[in-house]
Amino acid sequence: KRMSKTAQSIKSISPKSDDFLYFSIIFMKAAESSLLDESGNIKKLANGEEAWGHFDSNWKWHGNVPPHRNNNHDIFPESELKIAAKEWVGLPLCRDHESSSVDGIRGIILDTHYDEKYKQIVGLCALDKANYPDLASKVQKGLVRYGSMGTAVETSVCTECGNVAKLATDYCSHVKTRSCHGEINVGL
């Protein structure tokens with residue numbers, strides 16, 4: 001009875017179809033994930049000390065390991081990811097951040113979940129395997145294991161100087177030249 005009641009309240013995003021490959025993928029890792037080992041436990045440093053780190057109220061990182069950043073030097077605080085995760089349900093699954101045109105769409109994000117243990121957002125996706133068989137094959141074989149959540153950001157904070165930018169024209173030289181550890185993204 002309980003599951004029937006729950007099933008009736010579920011929002012239908014997309015009907016199941018044989019033309020789609022359904023899979024989960026890691027979209028974003030929180031800054032705080034840098035504190036964890038592969039098993040989701042607090043890392044031990046070479047000197048035996050446990051890894052630690054946190055943001056203060058001005059988004060300055062304090063810790064003995066730097067915050068996790070992605071390949072674009074973007075840093076996403078755990079608190080921000082927890083707020084934004086469900087906002088991505090129903091949005092398009094795009095190739096290489098190509099969201100300004102339907103040409104970049106490859107599927108849909110069916111659901112998201114914030115994984116507390118590993119401090120990351122995991123997405124459930126439906127990929128159009130009929131039109132993009134090469135990409136679907138790479139996902140099935142495990143060659144593609146991570147995706148990127150292209151997301152709008154209200155504020156960017158430089159890890160080097162603390163500059164707060166609302167527009168790209170407000171970026172400091174550290175963010176522009178990528179000479180800092182990264183930019184902290186707030187307001188996803």
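The values are calculated or read from the model by the stated rules, or taken from the named source; none is laboratory data. Quick caveat, the model's predicted, so the values are computed rather than measured. Note: ideal-geometry Cβ built from the backbone for every residue, glycine included; neighbour counts use all protein chains shown. Accessible surface areas use protein heavy atoms only, side chains included; no ligands, DNA or RNA. Shrake-Rupley method; radii C 1.70, N 1.55, O 1.52, S 1.80 Å.
Would you mind telling me which numbered condition in (1) under 29 Å from H181 (Cα atoms); (2) open to solvent by 90 Å² or more (accessible area, probe 1.4 Å); (3) not small (G, A, S) V102 fails?
Here V102 meets the rest and fails (1).
Within the bounds of region 23-32, is there any residue that is in a loop (DSSP other than H, G, I, E, B) and surrounded by fewer than 16 Cβ atoms within 10 Å (Cβ to Cβ)? Lay out the reasoning, then the answer.
So in region 23-32, the residues in a loop (DSSP other than H, G, I, E, B) come out as 30.
Those still in the list that are surrounded by fewer than 16 Cβ atoms within 10 Å (Cβ to Cβ) too: none.
No, every residue in region 23-32 fails to be in a loop (DSSP other than H, G, I, E, B) and surrounded by fewer than 16 Cβ atoms within 10 Å (Cβ to Cβ).
Give region 127-139 a look and list any residue that's open to solvent by less than 40 Å² (accessible area, probe 1.4 Å), of a type outside the set (A, V, I, L, M, F, W, C) and assigned to a helix (DSSP H, G or I), or say none.
So in region 127-139, the residues open to solvent by less than 40 Å² (accessible area, probe 1.4 Å) come out as 127-128, 136-137, 139.
Okay, now just the ones that are also of a type outside the set (A, V, I, L, M, F, W, C), so 128, 137.
S137, the sole residue that qualifies.
Any residue in region 115-126 that is assigned to a loop (DSSP other than H, G, I, E, B), aromatic (F, W, Y) and in contact (Cβ under 8 Å) with a residue 40 or more places away in the chain?
Here is the first cut: in region 115-126, the residues assigned to a loop (DSSP other than H, G, I, E, B) are 116-119.
The next check asks that each one be aromatic (F, W, Y); those that pass are 118.
If we keep only those that are in contact (Cβ under 8 Å) with a residue 40 or more places away in the chain too, we end up with 118.
Yes: one or more hits.
Give region 35-49 a look and list any residue that's more than 12 Å from K119 (Cα to Cα), open to solvent by less than 80 Å² (accessible area, probe 1.4 Å) and either outside any loop (DSSP other than H, G, I, E, B) or touching a Ser or Thr at 6+ places or on another chain (Cβ under 9 Å) (or both), or say none.
If the condition is that a residue be more than 12 Å from K119 (Cα to Cα), open to solvent by less than 80 Å² (accessible area, probe 1.4 Å) and either outside any loop (DSSP other than H, G, I, E, B) or touching a Ser or Thr at 6+ places or on another chain (Cβ under 9 Å) (or both), then K43 is the only one that fits.
Determine which single condition G162 fails, assuming it passes every other condition in (1) open to solvent by less than 50 Å² (accessible area, probe 1.4 Å); (2) within 16 Å of L81 (Cα to Cα); (3) not aliphatic (A, V, I, L, M).
Here G162 clears every test but (2).
Could you please find all residues in region 69-99 being open to solvent by less than 50 Å² (accessible area, probe 1.4 Å), of a type outside the set (D, E) and either assigned to a strand (DSSP E or B) or without any contact (Cβ under 8 Å) to a residue 40 or more places away in the chain (or both)?
Selection gives I75, A85, L93, C94.
Do you know which residues across region 169-188 are assigned to a helix (DSSP H, G or I), under 15 Å from H73 (Cα atoms) and open to solvent by less than 70 Å² (accessible area, probe 1.4 Å)?
Let us first name the residues in region 169-188 that are assigned to a helix (DSSP H, G or I), namely 169-170, 173-177.
Applying the additional criterion that residues be under 15 Å from H73 (Cα atoms) yields 173-177.
Scanning region 169-188 gives H174, V175.
For region 144-163, name all the residues that are touching a residue at least 40 places away in the same chain (Cβ under 8 Å) and not in a loop (DSSP other than H, G, I, E, B).
Y146, V157
Which residues, taken from region 164-183, are within 30 Å of G90 (Cβ to Cβ) and either hydrophobic (A, V, I, L, M, F, W, C) or free of Cβ contacts under 8 Å to residues at least 24 places away in the same chain (or both)?
Narrowing region 164-183 to residues within 30 Å of G90 (Cβ to Cβ): 165-168, 182-183.
Those that are within 30 Å of G90 (Cβ to Cβ) and either hydrophobic (A, V, I, L, M, F, W, C) or free of Cβ contacts under 8 Å to residues at least 24 places away in the same chain (or both): A165, K166, L167, A168.
Among residues belonging to region 135-156 that are modelled with pLDDT of 90 or more and among the basic types (K, R), point out the one that is farthest from E98 (Cα to Cα).
K141
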